[in-house]
Amino acid sequence: LPAAHTWKQSVKPLARSVLRLFPGLRKAARKQAGQLFTGNQFSVETLRSSLDTSLRELKTDYVDILLMHAAPMSVLAQDDLLAELQSLVAAGKVRMAGISGEHDVIAATLSQRPPILQTTQFACNIEHFGFLDEIAANQTAQPGMFMVANHPFGGPIGVAETRSRIAALRDTPDLPQNLRAKLDPGDPQLLPEVVLNTILTGTGIDAVVPAMLQPRHLKSNCQAIADCRFTAGELVQIRRALSP
C-alpha cells in the first residue's frame, strides 16, 4: 500500500500538468473513466443488493442518508425504483433518500420534487456560483430539501483560479473599501473562509463536503466556518463578484 500510494502521488502532479496544457484531454479522460462503470445500475435489484451489502459491511441495520450516486435523468421516471426507496425508508433501513448528479438532474429533481427524494448532492465551486442562484430561488419557493454541495475548491486548478479571482477583488471599485481590506492574500485562511461561506450563506445549501487529506485541512475548514471574518451581506457581494 505505501508503495502504491507513493507512485500515485508522484503521477498526479504530472497528470494535472498535462491536462492544463491539453484541456481537450480532460473530456476524453472523463469519458474513459465513465466506461469503467457498469451500466443499468439503477434498478430495484441493484438497489437492494447494494444496500444490503453496505449494511452488512458497516455492521448496522440502517443508514442515515442513501444517495443514488451520479444518477441519470431517467431515474426520476423510474416509479419502481422510487417506490423501493420509499419501502426502504418505511422499513427503517434508510432515514433519508436522495440523489446526486449533474446540475441538470438536480434542477429537474427540484422542479419535480418526487416525495421520496429529500436530499440532493452536487458539485459546487467557483465555476458553479450561477447555479447557486437557481438553488436559492427554489429553496425559497419550496423549502425542505436537504442540499449538500461537494468539490467546493474545484481541485488544484480550481484553487489557483479562485485565489486569482479573490486577489483581483482587492482592486474592484464596486466593492466597499472596508470589504476589500479584509481580502488579505497573505492569510492562508482567506481561501477556505471565502469558498465555504459563500456556498453556505444565503443559498439554501445546508452542508458542504470538501476534500481533506491532512488533519490541518480539517482544522482549517472548521475554523473557516466558526470564525469567518465576513458578514452575510459581504459574502453575498463576494459571491456575485466572483461568479464567472
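The table that follows gives values for the structure above.
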{"read-out": "Test result for Pro192, without any contact (Cβ under 8 Å) to a residue 40 or more places away in the chain and either in contact with a Lys or Arg (Cβ under 9 Å, 6 or more places away or on another chain) or aromatic (Phe, Trp, Tyr) (or both)", "value": "no"}
{"read-out": "Some residue of segment 158-177 being in contact with a His (Cβ under 9 Å, 6 or more places away or on another chain), over 14 Å from Ala224 (Cα atoms) and either open to solvent by 10 Å² or more (accessible area, probe 1.4 Å) or in a loop (DSSP other than H, G, I, E, B) (or both)", "value": "yes"}
{"read-out": "Residue satisfying condition, being surrounded by 15 or more Cβ atoms within 10 Å (Cβ to Cβ), modelled with pLDDT of 95 or more and more than 22 Å from the chain's Cα centre (by Cα), within set Val94, Val75, Val63, Val89", "value": "Val89"}
{"read-out": "Unique match (being among the hydrophobic types (A, V, I, L, M, F, W, C) and more than 13 Å from Ile238 (Cα to Cα)) among Ile157, Ile199", "value": "Ile157"}
{"read-out": "Condition check for Val105: open to solvent by less than 20 Å² (accessible area, probe 1.4 Å), touching a Leu at 6+ places or on another chain (Cβ under 7 Å) and assigned to a helix (DSSP H, G or I)", "value": "no"}
{"read-out": "Hits in segment 178-194 (condition: of a type in the set (A, V, I, L, M, F, W, C) and over 9 Å from Ile166 (Cβ atoms))", "value": "Leu179, Ala181"}
{"read-out": "Residue list for segment 187-244, restricted to those being part of a helix (DSSP H, G or I), of a type in the set (Gly, Ala, Ser) and under 20 Å from His128 (Cα atoms)", "value": "Ala232, Gly233, Ala241"}
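The rows are residues; the columns are (1) closer than 16 Å to Glu127 by Cα; (2) in contact with a Leu (Cβ under 8 Å, 6 or more places away or on another chain).
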site	(1), (2)
Arg170	no, yes
Glu193	no, no
Thr203	yes, yes
Arg216	no, no
Ala232	no, no
Arg240	yes, no
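The values are calculated or read from the model by the stated rules, or taken from the named source; none is laboratory data. As the structure is a computational prediction, the values presented were derived from the model and not from experiment. Please note: Cβ atoms are built from the backbone with ideal geometry, for glycine as well, and neighbour counts cover all protein chains shown. Ligands, DNA and RNA are excluded from the accessible area calculation, which covers all protein heavy atoms including side chains. Shrake-Rupley method; radii C 1.70, N 1.55, O 1.52, S 1.80 Å.
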